[in-house]
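Written below as structure tokens is the structure these notes are about.
The values are calculated or read from the model by the stated rules, or taken from the named source; none is laboratory data. Remember, it's a predicted structure, so these values are computed and weren't measured experimentally. Positions of Cβ are generated from backbone atoms using ideal geometry, with glycine treated the same way; all protein chains shown enter the neighbour counts. The accessibility values were calculated without ligands, DNA or RNA, using every heavy atom of the protein model including side chains. Shrake-Rupley method; radii C 1.70, N 1.55, O 1.52, S 1.80 Å.
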Amino acid sequence: MDNSLLTQKQIARLFEVCEEQGVIYYDVQVELVDHLASQVEDELKQKPDQKFDEILDGVLLSFGSAGFYRIQKNKEAEMTEKYNRILRTFIHEFYSIPRILLTLTCSLLLFGLFQVEEIASMVGGFLFLGTAFFMLFYHSFWYSAKLHIKEFQGKTFLIANQMERINRKAIKWISMPFSLLLLISYSAKGLGYHLFPEIFNNVFVQFGMAFFIIFYLIRLWACHFYLPRRIKADFVRDFPQFVKM
């Protein structure tokens, strides 16, 4: 909007309208203001004698009563799909040539360690306790210090909300199932071995569980480091004026 026909005061009024209509995220407001300004400018060119407020009222009328709400929800859905797609692509790379060779190697290594009875419970316990310590350290210090997008100058951002959504999802869908899988299968030689020995002593089941543990580790890394860093980088690129140095 550098070459906008509108004054700074009029542009500020467009931001106020967005807030009045319940659009709370600044990054969504920016897009809406750009759209509103374009429509108002087009009207001003055709009707130069008409007042700004009158033209704005007409533009807002064209949005409808639920227009702003619908746009914000669409933006939320678009951003969610964008980062879900990035996540899927990142994980898919570990199951495609050449990275699948690394994934299979790690799975076979973990499977081999669990075949040694003397160290199976130790390895399982290490992974279980290591995951618990990692989650405690990450959410108590690392996330807030390195990745969290803080409110600045009273502005909230949809991209920051997306970061929080991924953070909650990581806890719910990754950390808890991963810990449960370790507890059932390997910790203290595993509840599974005692409850269902005919199943858990099968080498194919054991390799499958090792394979899924590696899968969870990949997702753990993706959701706690790769994706948050990508989101933070996008935020710094689009809104450098709100980045605290």
Rounded percent of accessible protein surface that carbon and sulfur make up, segment 1-72, 1.4 Å probe: 47 percent
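What FRET efficiency would be calculated for the residue pair Arg229, Glu54, taking the C-beta separation as r and a Förster radius of 45 Å, to the nearest 0.05?
Details: r = 47 Å, r/R0 = 1.05.
Plugging the Cβ-Cβ distance into 1/(1 + (r/R0)^6) gives 0.45.
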Partner lysines for Lys47 [C-alpha distance under 21 Å; skip if fewer than 8 residues away on the same chain]: Lys9
Reach of Lys232 by Cα under 30 Å, taken over lysines that are not fewer than 8 positions away in the same chain: Lys73, Lys75, Lys82, Lys146, Lys150, Lys155, Lys169, Lys172, Lys244
Inter-label distance for Leu101 and Asp42, nm, one decimal - labels placed 7 Å from Cα along Cα-to-Cβ: 5.5 nm
Part-to-part distance (alpha-carbon centres) for segment 61-84 and segment 90-153, which is given in Å: 35 Å
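Evaluate E = 1/(1 + (r/R0)^6) for Arg237 and Ala132, where r is the Cβ-Cβ distance and R0 equals 25 Å; express this FRET efficiency to the nearest 0.05.
Values: r = 35 Å, r/R0 = 1.39.
Approximately 0.10, to the nearest 0.05.
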Cα-projected label distance for His35 with Ala12, points at 7 Å along beta-carbon direction, nm: 2.5 nm
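If you count, for each residue, the other Cβ atoms within 10 Å and average over each peptide, how do 45-56, 159-170, 136-147 line up from highest to lowest?
Working: 45-56: 11.4, 159-170: 17.8, 136-147: 13.1.
Answer by packing, highest mean first, reads 159-170, 136-147, 45-56.
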Stretch gain in nm, segment Phe204-His92, where the contour uses 0.36 nm per residue and the Cα spacing is subtracted: 38.0 nm
Backbone HN-Hα couplings from phi across segment 16-26 [Karplus 6.51/-1.76/1.60, Hz, Gly and Pro as x]: 4, 4, 4, 5, 5, 8, x, 8, 8, 8, 5
